[in-house]
Amino acid sequence: MTMDKRNIAALLVAAGQGNRAGGDIPKQFRAVGGKAVIAHAFDALAGHGAIGAVYVVVGHGQAETASALLTGRNVAGFVAGADTRRGSVRAGLEAIAQAGGADFVLIHDCARPFLPDEVTDRLLSALAKGHGGAIPVLPVVDTLARAEGEHVGGIVDRSGVLRVQTPQAFHFDSILAAHRGWGEQREATDDAQMLKAWGHDVKSVEGDERLNKLTYPEDFDQAEIRLAARRVTRVGMGYDVHRLAAGEELWLCGVRIAHEKGLSGHSDADVAIHALVDALLGALADGDIGSHFPPSDPQWRGAPSSRFLAYARDRVAARGGVIDHVDLTIICEAPKIGPHRDAMRARISELLALPPPCVSVKATTTERLGFAGRGEGIAAQAIATLSLPALS
């Protein structure tokens, strides 16, 4: 059986409240290693070469938050979840069906964000061999005992017990039919049991300890420790200058500022964003803004610099990186930056999907010395701090 990327979809279930994890936000939106759990889980699915589309199921009122945390990613669709996991999965499957369906689907819990590619490979291989479904499992290594009030009861034979993980992989039409035919009289917390009840076989494949579910506060602590051991901090610096000229618009940090002159350049000449793009690319050791957007290319004439910054942001994400902090210094005599600082920080924060406290915008003058002091141009310096996988 040939696996065509266009025929494999993934459904990321992120509609829970995660109350046992503590904190004041659902656990799928909490950050681990500087990156939201939902973003870790989405990237693990979308980054696998065989998966063509990833749909995200979110709870009531959560779509805006999820969308912001997945900025720059190709989400096939956000789906409104239900009161139960089964209902949320059913809603996601119906959304995939309305979009044209798929041959195979992987259903994954957002609370298991660290999905290794090799687990996905094993699941898809089982489907390719004709199994109706496939799930990752691990053996139970601890002794199991029945609870008898406050006392320990008899020992349970662990040789016949497995720990079930996600994602679970299925032929799309079969699992959709199982969900549609399940009814409301009984609940199911596992899609594989629904498929088995529908008469299909489910193959078990080797799972992975990295897929352990994030449930309690200590699970998040352990995840932070594991991620920190596999990541490095990289810092990049950017610098840019543009000439002030009459008849031009003045854009700084993606904000248009009323001024008697504007900055002249091939694009909108936003000197601050250009410096920041170079800082991000520098931290990646990925060239500079001119190598990615050459001034000789007419398609960039007059282009908004926000496009360049979104591109650099996506380059960081493609490398598995996280932007921890950016710091901009704008060097000019006029206009005064102070009245526009909050708007500039908000716009950079929006473009980079960073919390405002992670964005610094400052200004200084040259005491009327040099080209900036004479009002001939504006310069900007930027520093970007990234967290990247150690081998990136």
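The values are calculated or read from the model by the stated rules, or taken from the named source; none is laboratory data. The structure displayed is predicted, hence computed values, not measured ones. As a convention, Cβ positions derive from the backbone with ideal geometry for all residues, glycine included, and neighbour counts pool all protein chains shown.
Note on region 188-233: residues that are under 22 Å from the mean Cα position of the chain (by Cα) and among the charged types (D, E, K, R) amount to 10.
Report the residue count in region 282-307 for those that are hydrophobic (A, V, I, L, M, F, W, C) and closer than 16 Å to residue 237 by Cα. Reasoning before the result, please.
Restricting attention to region 282-307, the residues satisfying the condition of being hydrophobic (A, V, I, L, M, F, W, C) are 283-285, 289, 293, 300, 303.
Next cut, closer than 16 Å to residue 237 by Cα only: 283-285, 289.
Of the residues in region 282-307, 4 are hydrophobic (A, V, I, L, M, F, W, C) and closer than 16 Å to residue 237 by Cα.
Are any of the residues in region 362-372 closer than 24 Å to residue 266 by Cβ and of a type in the set (Lys, Arg)? Walk me through it before giving the result.
At the first step, the residues of region 362-372 found to be closer than 24 Å to residue 266 by Cβ are 370-372.
From what is left, the residues that are of a type in the set (Lys, Arg) are none.
No - not one qualifying residue is present in region 362-372.
Look at region 362-392 and say how many of its residues are without any contact (Cβ under 8 Å) to a residue 40 or more places away in the chain and part of a strand (DSSP E or B). The qualifying residues number 3. Out of 238, 247, one residue alone is modelled with pLDDT of 95 or more, farther than 30 Å from residue 86 by Cα and in the same structural domain as residue 312 (by TED's automatic domain parsing). It is 238. Selection of region 101-144 for residues being loosely packed, with under 13 Cβ neighbours inside 10 Å and without any contact (Cβ under 8 Å) to a residue 40 or more places away in the chain yields 139, 141, 142, 143, 144.
Scanning region 30-37 finds one or more residues that are surrounded by fewer than 17 Cβ atoms within 10 Å (Cβ to Cβ) and without any contact (Cβ under 8 Å) to a residue 40 or more places away in the chain.
Would a scan of region 164-182 turn up a residue that is closer than 15 Å to residue 134 by Cβ and aromatic (Phe, Trp, Tyr)?
The first filter runs over region 164-182 and keeps only residues closer than 15 Å to residue 134 by Cβ, leaving 164-172, 174-175, 178.
Still in the running and aromatic (Phe, Trp, Tyr): 170, 172.
Among the residues of region 164-182, at least one is closer than 15 Å to residue 134 by Cβ and aromatic (Phe, Trp, Tyr), which makes the answer yes.
Considering 205, 152, which residue is in contact with a helix residue (DSSP H, G or I) (Cβ under 7 Å, 6 or more places away or on another chain), in the same structural domain as residue 83 (by TED's automatic domain parsing) and not basic (Lys, Arg)? Lay out the reasoning, then the answer.
On the way: 152 fails: in contact with a helix residue (DSSP H, G or I) (Cβ under 7 Å, 6 or more places away or on another chain).
Being in contact with a helix residue (DSSP H, G or I) (Cβ under 7 Å, 6 or more places away or on another chain), in the same structural domain as residue 83 (by TED's automatic domain parsing) and not basic (Lys, Arg) holds for just one of 205, 152, which is 205.
Here residue 291 meets the list (1) of a type outside the set (Asp, Glu); (2) out of contact with any helix residue (DSSP H, G or I) (no Cβ under 7 Å at 6 or more places or on another chain); (3) within 25 Å of residue 363 (Cα to Cα) almost entirely, failing just condition (3).
Filtering region 71-102 to residues that are farther than 18 Å from residue 45 by Cβ, charged (D, E, K, R) and not in a helix (DSSP H, G or I) leaves only 83.
Of all residues in region 279-321, those satisfying the criterion of being assigned to a helix (DSSP H, G or I), among the hydroxyl-bearing types (Ser, Thr, Tyr) and over 19 Å from the mean Cα position of the chain (by Cα) are 291, 305, 306.
Just to be sure I understand, how many residues within region 151-188 are exposed (fewer than 10 other Cβ atoms within 10 Å of the Cβ) and polar (S, T, N, Q)?
Let us first name the residues in region 151-188 that are exposed (fewer than 10 other Cβ atoms within 10 Å of the Cβ), namely 151, 154, 157, 159-160, 183-186.
Then drop every residue that is not polar (S, T, N, Q), which leaves 159, 185.
Selection size over region 151-188: 2.
Inside region 124-147, residues that are part of a loop (DSSP other than H, G, I, E, B) and hydrophobic (A, V, I, L, M, F, W, C) make up a count of 2. Condition first: in contact with an Asp or Glu (Cβ under 8 Å, 6 or more places away or on another chain) and either crowded, with 20+ Cβ neighbours inside 10 Å or modelled with pLDDT of 90 or more (or both). Can you find one or more residues in region 54-72 that meet it? No, region 54-72 has no match at all.
Does residue 265 satisfy being in contact (Cβ under 8 Å) with a residue 60 or more places away in the chain, out of contact with any Phe, Trp or Tyr (no Cβ under 6 Å at 6 or more places or on another chain) and surrounded by 15 or more Cβ atoms within 10 Å (Cβ to Cβ)?
Working: in contact (Cβ under 8 Å) with a residue 60 or more places away in the chain: no; out of contact with any Phe, Trp or Tyr (no Cβ under 6 Å at 6 or more places or on another chain): yes; surrounded by 15 or more Cβ atoms within 10 Å (Cβ to Cβ): yes.
So residue 265 does not fit the description; no.
Cβ-Cβ distances below 8 Å connect the following pairs, each with a first residue in region 175-193 that is over 16 Å from residue 164 (Cβ atoms) and without any contact (Cβ under 8 Å) to a residue 40 or more places away in the chain, a second residue that is of a type outside the set (A, V, I, L, M, F, W, C) and part of a helix (DSSP H, G or I), and a separation of six or more residues or different chains: 178/191.
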